[in-house]
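Take a look at the structure set out below.
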Amino acid sequence: MFSAEQIALRVAELGRQISADYHGRELLVVGVLNGAFIFTADLVRALAIPVTVDFIRAASYGQASSSCGTVRLSKDVELPLAGLHVLLVEDIVDSGHTLTRLKKHFTAGGVASLRVCALIDKKERREAEVVVDYPGFTVEYGFLVGYGLDYAEQYRQYPAIHRLAEEHVKS
């Protein structure tokens, strides 16, 4: 679907846009584990502004190929959130349930602002109304793997993003 070169170009573009939007402000970048760890690292290196980095772990898929609708936070950020400008970095926004849960969590923490950057904004199974402020790529359908995206904890290491054949995907 997207080559390593296409991804690198898009990450650089996002880095320039985010740097311009946050010029003069410090930014806390929060990556969502596990899927966004590669994207978060590359995005942070593409930023030209002061940043701090933290991670949160949220899961709604488990070993399945579709969200169960229940979002579990198993690791919270360690930095205090009050008054900070936060950029939440996701690997993929699919149903919207995880992003909805995370936005409520960060808003309750008293952030000054909260925006979302997602490598993939996928509309196929969207059930919750969510906004991705900085989409990497918009995809209509398919189960994607590579560049941090996984299926049952496999395929994260691929440098490009691939659509997994349907016969390999179990709901």
Report task. Could you check, for the stretch 96-103, whether at least one of its residues is outside any strand (DSSP E or B), touching a residue at least 12 places away in the same chain (Cβ under 8 Å), closer than 19 Å to Glu26 by Cα and not charged (D, E, K, R)? Result -> no
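A quick yes/no check of all residues on (1) free of Cβ contacts under 8 Å to residues at least 12 places away in the same chain; (2) over 20 Å from Leu144 (Cα atoms); (3) assigned to a helix (DSSP H, G or I):
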site	(1), (2), (3)
Gln17	no, yes, yes
Phe39	no, no, yes
Asp54	no, yes, no
Arg57	no, no, no
Gly83	no, yes, no
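Table: residues versus (1) surrounded by fewer than 19 Cβ atoms within 10 Å (Cβ to Cβ); (2) free of Cβ contacts under 8 Å to residues at least 12 places away in the same chain; (3) more than 18 Å from Gly31 (Cβ to Cβ).
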residue: Gly109; (1), (2), (3): yes, no, no
residue: Val116; (1), (2), (3): no, no, no
residue: Leu119; (1), (2), (3): no, no, no
residue: Arg125; (1), (2), (3): yes, no, yes
Query raised in the report: Are there any pairs with C-beta distances below 6 angstrom linking a residue in the stretch 67-79 that is in a strand (DSSP E or B) to a residue that is among the aliphatic types (A, V, I, L, M) and at pLDDT 75 or above, with the two at least 6 apart or on different chains, and if so which?
Result: Arg72/Ala59; Leu73/Ala58
Report task. List every residue pair whose Cβ atoms sit under 8 Å apart, with the two residues 6 or more apart in sequence or on different chains, where the first one lies in the stretch 1-13 and is in contact (Cβ under 8 Å) with a residue 12 or more places away in the chain and over 16 Å from Ala118 (Cα atoms) and the second, anywhere, is in a loop (DSSP other than H, G, I, E, B) and among the aromatic types (Phe, Trp, Tyr). Result -> Ala4/Tyr147
Report summary line: Of those in the stretch 53-72 that are modelled with pLDDT of 70 or more and touching an Asp or Glu at 6+ places or on another chain (Cβ under 7 Å), the residue surrounded by the fewest Cβ atoms within 10 Å (Cβ to Cβ) is Asp54
Requested in this report: With the checklist (1) within 22 Å of Tyr151 (Cα to Cα); (2) touching a Pro at 6+ places or on another chain (Cβ under 8 Å) in hand, flag the one item Val32 doesn't pass.
Outcome: (2)
Query raised in the report: Out of curiosity, is Glu129 touching a strand residue (DSSP E or B) at 6+ places or on another chain (Cβ under 9 Å), of a type in the set (Asp, Glu) and more than 19 Å from Phe37 (Cα to Cα)?
Result: no
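The values are calculated or read from the model by the stated rules, or taken from the named source; none is laboratory data. Predicted, not measured: the structure shown is a model, and the values here were computed from it. All Cβ positions, even for glycine, are placed from backbone atoms using ideal geometry, and neighbour counts span all protein chains on display.
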